[in-house]
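Right, one structure below, let's go through it.
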Amino acid sequence: MLRKYGIVLALLTLAAYELVVIVAAFLTVMATFGLGMVFLFPPAVRMIRGVTGLTRKLVRTSSGIEIEAPYLPPPPPPQPQSDGMYRHGRTLYKSPRVPAWNDRWKWMLTDRATFRDALWLLLDPLVKVALVPLLLLMPERGLRLYGLWCELLLGPTAASRLASQVSHLSRVRNLAVDTQAAEMRRIERDLHDGTQARLVAIGMTLGAVENLVDTDPAAAKALLAKARDASAETLTELRRVIRGIHPPVLAERGLGDAVRALAMDSALKVTVEVDLPHRPEAPVEAAAYFAVSELLSNAARHGGATRATVDISTNGPSLRITVSDDGWGGADPAKGSGLTGIERRLAAFDGVMALHSPPGGPTTVTMELPRVLPEYWAGDLPKLPRWKMITVVTLWATAWCPLFPQGIVTAIFKIFGVEEKTWFLALHLPEPYQWPVIAFMVVLGTMMYVAAVAIPANHNRDLWMCNTTPTNLWF
């Protein structure tokens with residue numbers, strides 16, 4: 001309770017600061033649009049966003065209401081033209097400073113969240129004053145109500161959410177393109193430095209054989225043996241390049257067996273543990289496989305490790321992979337050890353990587369690819385409570401009675417004038433009530449079946465959507 005009152009005191013203190021910000025913002029608007037002092041506008045917006053950001057944190061702490069930032073993504077930095085100049089509208093600049101400032105000014109001015117923040121700032125002190133009695137007498141309810149008020153104006157709109165998603169997809173697309181380009185350069189380098197050089201050497205050897213086959217058959221035979229050995233090495237090199245593109249064992253047997261095969265070829269003593277009931281999609285498997293391959297290679301070449309452990313498991317609909325080694329630690333993505341490339345590869349699937357590598361070791365890397373596994377076997381779907389299960393079973397067991405014998409069958413007897421009444425309830429009633437009762441029985445039985453299906457479906461909408469819309473299995 002003391003903590004709640006402490007938050008109330010912080011909010012009321014913040015209201016006094018908001019009054020100062022309101023005055024400063026008003027003067028800034030007058031100077032910006034009245035005197036043309038446009039350079040004052042961005043600092044004022046940042047000041048207001050600082051207040052709203054602090055309020056979002058206090059609301060999350062006090063009431064548990066998570067209010068996402070509603071602002072549109074900031075503009076990308078200006079890019080130079082082929083002549084090194086920066087264009088903004090019809091004007092060229094030698095430095096990106098002015099175009100960047102103009103883009104940020106326009107970004108703040110055209111973002112609707114800027115004006116929603118200003119409206120909230122203008123009304124918030126009045127709302128806090130109105131809520132003072134409730135905040136002091138029942139702080140928990142008062143803070144909850146205040147959180148709902150802040151969520152109304154400070155929360156994101158559909159437009160800002162869509163813009164954030166578009167910006168995120170653009171970043172992911174660029175990362176995927178960069179990763180693909182890097183892979184193509186690596187493959188080209190491997191073919192140029194390895195396979196191509198060997199093929200050229202084989203061609204030169206065969207040319208020498210052609211010249212010696214008549215004059216010195218023994219030397220020609222020796223050169224043919226060397227050409228045969230070189231062709232075998234070239235074939236091995238090609239297989240290595242193919243495995244670097246997409247290992248056949250990965251396509252045929254899945255991620256678990258592919259990592260086991262990778263462990264057998266590793267210079268380390270690798271232990272692999274796999275708990276993966278079903279296979280992810282092929283792009284996900286490839287990203288995970290090459291990430292593990294890079295980590296094992298780093299552990300052997302740069303970490304001085306002798307042993308490593310790879311654990312592949314599921315975390316609900318997410319794929320989690322942990323790679324540990326007994327090396328001397330100190331791994332840092334900034335040192336160019338391949339960790340940055342792994343992060344780019346995982347980012348294409350919204351994946352994250354956590355690194356723990358203190359000096360002296362050991363090194364542990366945990367990678368998680370969220371929502372890349374089907375929901376229907378993820379293993380964390382909530383089960384029906386017992387009372388709901390009993391209700392569903394009862395509905396399935398009894399719905400047939402009003403629908404068929406007391407409804408449809410009775411209606412057939414009534415239409416064809418069958419005199420047999422037996423246990424058909426409606427036929428024992430007076431004539432004016434028979435058809436209404438039959439209709440009621442049909443509707444009652446139908447609604448019971450609908451309820452039997454709707455209760456588990458509403459209990460877990462994600463599972464229901466997975467069973468009806470295949471595209472929702474992955475997103």
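The values are calculated or read from the model by the stated rules, or taken from the named source; none is laboratory data. Just so it is clear, the model here is predicted, and its values are computed rather than measured. Here the Cβ positions follow ideal geometry from the backbone for every residue, glycine too, while neighbour counts run over all protein chains shown.
Structure values in brief
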read-out: Near pairs, Cβ below 6 angstrom, 6+ apart or cross-chain, from segment 359-386 (under 17 Å from ARG320 (Cα atoms)) to any residue that is modelled with pLDDT of 70 or more and of a type in the set (Asp, Glu); value: THR363/ASP325; PRO370/ASP350
read-out: Within segment 7-37, tally of residues that are surrounded by fewer than 12 Cβ atoms within 10 Å (Cβ to Cβ) and modelled with pLDDT under 85; value: 4
read-out: Cβ-Cβ under 6 Å pairs, at least 6 apart or on other chains, segment 138-166 side in contact (Cβ under 8 Å) with a residue 12 or more places away in the chain and within 15 Å of GLY53 (Cα to Cα), far side surrounded by fewer than 16 Cβ atoms within 10 Å (Cβ to Cβ) and among the acidic types (Asp, Glu); value: PRO156/GLU68
read-out: Residue, nearest to LEU122 (Cα to Cα), within segment 135-163, restricted to residues that are assigned to a loop (DSSP other than H, G, I, E, B) and at pLDDT 80 or above; value: GLY155
read-out: Selection count where residues are touching an Asp or Glu at 6+ places or on another chain (Cβ under 9 Å) and either surrounded by 19 or more Cβ atoms within 10 Å (Cβ to Cβ) or modelled with pLDDT under 85 (or both), scope segment 247-267; value: 5
read-out: Among (1) outside any strand (DSSP E or B); (2) polar (S, T, N, Q); (3) exposed (fewer than 15 other Cβ atoms within 10 Å of the Cβ) - the single one SER293 does not satisfy; value: (3)
read-out: Output for segment 298-344, where each listed residue is among the polar types (S, T, N, Q), assigned to a loop (DSSP other than H, G, I, E, B) and under 27 Å from the mean Cα position of the chain (by Cα); value: SER337
read-out: Qualifying residue in segment 323-336 (condition: farther than 22 Å from MET184 by Cα and among the β-branched types (Val, Ile, Thr)); value: yes
read-out: Residue that is surrounded by the fewest Cβ atoms within 10 Å (Cβ to Cβ) [pool: residues in segment 402-431 that are more than 11 Å from VAL442 (Cβ to Cβ) and β-branched (Val, Ile, Thr)]; value: ILE415
read-out: Matching residues in segment 61-108 - criterion: being farther than 30 Å from GLY6 by Cα and in a helix (DSSP H, G or I); value: ARG97, VAL98, PRO99, ALA100, TRP101, ASN102, ASP103, ARG104, TRP105, LYS106, TRP107, MET108
read-out: Pick from segment 212-239, criterion assigned to a helix (DSSP H, G or I) and either of a type in the set (Ser, Thr, Tyr) or not assigned by TED's automatic domain parsing to the domain that holds THR195 (or both), ranking: modelled with the lowest pLDDT; value: THR236
read-out: Hey, THR114 farther than 14 Å from CYS150 by Cα, β-branched (Val, Ile, Thr) and surrounded by 17 or more Cβ atoms within 10 Å (Cβ to Cβ) or not; value: yes
read-out: Qualifying residues in segment 297-317 (those that are surrounded by fewer than 17 Cβ atoms within 10 Å (Cβ to Cβ) and small (Gly, Ala, Ser)) - the one nearest to THR271 (Cα to Cα); value: SER313
read-out: Residue list for segment 348-358, filter: modelled with pLDDT of 80 or more, hydrophobic (A, V, I, L, M, F, W, C) and within 14 Å of the chain's Cα centre (by Cα); value: PHE349, VAL352, MET353
read-out: One residue from ALA25, ALA16, ALA10, ALA69 being in contact (Cβ under 8 Å) with a residue 24 or more places away in the chain and within 23 Å of LEU136 (Cβ to Cβ); value: ALA10
